[in-house]
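Structure first, then comments.
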Amino acid sequence: MPFVKRDTMGRIVSLHGTADEASEQLSSDHPEVERFLAQSTHPAPDAYKRALAESDQDIARVTEDLIHLLVNKNLILFTDLPPVVQKKLLDRERLRSHLQQREDNFLDDSELL
């Protein structure tokens, strides 16, 4: 039987296995406990938005890699892409190259071997 902690409105905000942080104990099948658990297992709409944004970043990288693969296999020409797409891909490539150089050069310019 879990111990429950409530907010000032009387809603359950957390469940505990011991009475260290909460003194009220309810059965596991108590309707309030079941409702709290049901709400806890379904992410809030903001969590879905964050997951979708992270997925967008992943898809952008996949798309970029796919375009590079198609160009390298001569299945499409880079110049066949719309100019705005070419610019965005080149900008990303420059940024990634710059970042890679910074990671490869772990000594700052003032340090000598």
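Laboratory data are not the source of any read-out in this text; all were calculated from the coordinates shown. These numbers were taken from a predicted model, which means no experiment stands behind them. Glycine gets a Cβ as well: all are built from the backbone with ideal geometry, and neighbour counts include every protein chain shown.
Quick notes
- Electrostatic tally near LEU26: other residues with Cβ closer than 15 Å to its Cβ, Lys and Arg +1, Asp and Glu -1, net -1.
- Summarising the label geometry, the points placed 7 Å from Cα in the beta-carbon direction at LYS73 and LEU37 lie 4.9 nm from one another.
- Net lengthening on full extension, THR18/ALA53 (0.36 nm per residue, minus Cα-Cα): 8.8 nm
- Label point distance in nm, ASP80-ARG102, each placed 7 Å from Cα along Cα→Cβ: 3.5 nm
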